[in-house]
Amino acid sequence: MNVLGIETSCDETAVSVVKDGRMVLSNIVSSSLRFHKKYGGVIPEIASRIQLKVIDYALNEAIRGSGVKLKDIDLIAVTSGPGLKGSLLVGICLAKATAFGLNIPLVQVNHLYAHIYAAFLKTPGAPKISICGDVFPFIGLVVSGGHTSLFYVKDFTDIETLGYTLDDACGEAFDKVAKILGLGYPGGPIIEKLAKKGNPKRIRFSGSRTMRPFDFSFSGIKTAVLYSVNKGLHPKQKREIPLNDKRDVAASFQEKAIDILIEKAFSACRMKRTDVLIVGGGVAANTRLRERFKQRAKGEISEVYFSPLEFCTDNAAMVAGLGYLLFKKGRLSKLDLTVKTN
Ligand code: KG4
Ligand code: ZN
């Protein structure tokens, strides 16, 4: 079964064709990032206007690259939320029109659940996939620019939310720390690169406590970074931060952020008595994070799986893949489908 996935929840315009829920035949991701860079974050109005312009092109490229004809698409899967309303609407409108035009079914997909599903995807010629057999129930951790959430996944139609971010998401904290250090956007990959040469023990940042054990709060650690960088300065004063200091701040921040994620994720596994953890979302592309989670999993005698690197950040393959599974479970959407904000 060939599924066309459409994802437009943030600044990306992504269209993909996935066969039978796992084999990614094409994966087109067009980002409007360069138009947002000077603002240090995504501007929703700019994102949706660009998505309107490029979505046709992304659709054509995804079909062309898949080797499948549009008439051979059997199902349309589209992200219906959470995300930016205007952006989501662009994808939803294309999905509805295409499903109507081809007279094929339509299924809506939750963006966060799709980030977890990304761990099940594979590409032609890729080495043996690591997830096979039954991994349910498991704990799913989504670490992205907009969300940090822990889920107990009994199956993809029965998901319990254990906790979520109360303020800044983890990726957002990476982005803001990069901004404090005078670096570019998005901050995650830049912080990761700098941290490689930094001393993670130089500054001991502390995380904020949360009332509920599986909620997250990253704004405290971001503010602590700001204070440590501006220590001794008048609020209006600015100074050039030496490269070595930047490296140490990046490494110390990254290490603490990973500590927080590890503690909560493995504690959720213990609470739910499951030994499988799946991690997805943009921050899951971080090499140090992957390494530390694997080390910890060894110690806990549990298994940890990650999305393949190319499917960590936003993409439509994860939407098509999960859409297929939901379709098989009878979850269909009607043409009155619209944005779901929660
Ligand atoms: O999942 P995603 O593409 O978008 C949302 O759904 O939000 O995640 C984007 C986030 C950004 O905050 C970016 O800085 C972060 O993922 N990110 C990383 C890395 N690559 C992307 N964070 C840490 N290390 C990375 N290597
Ligand atoms: Zn995302």
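The values are calculated or read from the model by the stated rules, or taken from the named source; none is laboratory data. Keep in mind that this is a model prediction, so the values were computed, not measured. Note that we place each Cβ from the backbone using ideal geometry, even for glycine, and neighbour counts take in every protein chain shown. Remember, those area values only see protein heavy atoms, side chains included, never the ligands or the DNA or RNA. Shrake-Rupley method; radii C 1.70, N 1.55, O 1.52, S 1.80 Å.
Which of the three applies to segment 145-213, rounded, prolate or oblate, going by the alpha-carbon gyration tensor with a ≥ b ≥ c and a/c under 1.5 meaning rounded?
Working: a/c = 2.41, a/b = 1.89, b/c = 1.28.
Prolate, because a/c is 1.5 or more and a/b exceeds b/c.
Quick one: work out the % antiparallel among DSSP beta bridges in segment 63-167, nearest 5. It would help to have the intermediate numbers written out before the result.
Working: 11 of 16 bridges.
DSSP beta bridges in segment 63-167 are roughly 70 percent antiparallel.
Averaged per residue, what accessible area in Å² does the chain show with a 1.4 Å probe, protein chains only?
Working: 16080 Å² over 342 residues.
Solvent-accessible surface per residue comes out at 47 Å².
Quickly rank 111-120, 98-107, 257-266 as a protection proxy: mean count of other C-beta atoms within 10 Å, highest first. Intermediate results must be reported in sequence, preceding the final value.
Working: 111-120: 26.3, 98-107: 16.7, 257-266: 20.8.
Most protected by this proxy first, the peptides run 111-120, 257-266, 98-107.
Antiparallel DSSP bridges in the chain: what percent, to the nearest 5?
Bridges in the chain that DSSP calls antiparallel: roughly 60 percent.
Would you kindly calculate the mean projected area, averaged across all directions, of the convex hull enclosing the Cα atoms of segment 179-283, in square nanometres?
On the way: hull surface 31.8 nm².
Average of the hull's projected areas for segment 179-283 equals 8.0 nm².
Between their Cα atoms, which of Lys222/Lys246; Lys201/Lys222; Lys37/Lys85; Lys53/Lys176; Lys222/Lys294 are more than 19 Å away from each other? Numbers along the way, then the final one.
Values: Lys222/Lys246 14 Å; Lys201/Lys222 17 Å; Lys37/Lys85 21 Å; Lys53/Lys176 29 Å; Lys222/Lys294 25 Å.
Listed pairs above 19 Å: Lys37/Lys85; Lys53/Lys176; Lys222/Lys294.
Any idea what log10 I(q)/I(0) is at q = 0.10, 0.17 Å⁻¹ for segment 37-152, Debye with uniform C-alpha scatterers and no solvent?
Results for segment 37-152 at q = 0.10, 0.17 Å⁻¹ read -0.42, -1.14.
Residue-wise, which Karplus ³J(HN,Hα) couplings in Hz belong to segment 13-23, taking 6.51 cos²θ - 1.76 cosθ + 1.60, θ = phi - 60°, and x for glycine or proline?
Whole-Hz 3J(HN,Hα) from phi for segment 13-23: 10, 10, 9, 8, 10, 10, 9, 6, x, 10, 8.
Grab the DSSP H runs of the chain that are 4 residues or longer, score each as -39,500 (n - 2.57), total them, divide by all residues and round the 222 nm result to the nearest 500 deg cm²/dmol.
-13000 deg cm²/dmol
Once you charge only the Cβ atoms, +1 for Lys and Arg and -1 for Asp and Glu, what is the size of the charge dipole of the chain about its Cα centre, to the nearest 20 debye?
Details: 48 positive and 32 negative charges, 198 e Å.
Magnitude of the dipole: close to 940 debye.
In units of 2.2 N^0.38 Å, what is the alpha-carbon radius of gyration of segment 1-92? Before the final figure, lay out the partial values.
Working: Rg = 13.4 Å, N = 92, 2.2 N^0.38 = 12.3 Å.
For segment 1-92, the normalised Cα radius of gyration comes out at 1.09.
Taking the square root of 5 times each eigenvalue of the Cα gyration tensor, what semi-axes in Å does the equivalent ellipsoid of the chain have, largest first? Provide the component values of the computation, followed by the final result.
On the way: eigenvalues 240, 113, 57 Å².
Sorted largest first and rounded, they come to 35, 24, 17 Å.
Pick out, from Ser252, Pro189, Leu337, the residue whose Cα sits farthest towards the positive end of the charge dipole of the chain, with +1 on the Cβ of Lys and Arg and -1 on the Cβ of Asp and Glu.
With unit charges placed on the Cβ atoms, the residue in question is Ser252.
Name the shape class, rounded, prolate or oblate, that the alpha-carbon gyration tensor gives for segment 268-325, where a ≥ b ≥ c are the square roots of its eigenvalues, rounded holds for a/c under 1.5, and otherwise prolate holds if a/b is larger than b/c and oblate otherwise.
Numbers: a/c = 3.06, a/b = 1.48, b/c = 2.07.
Judged from the Cα gyration tensor, segment 268-325 comes out oblate (a/c at least 1.5, b/c at or above a/b).
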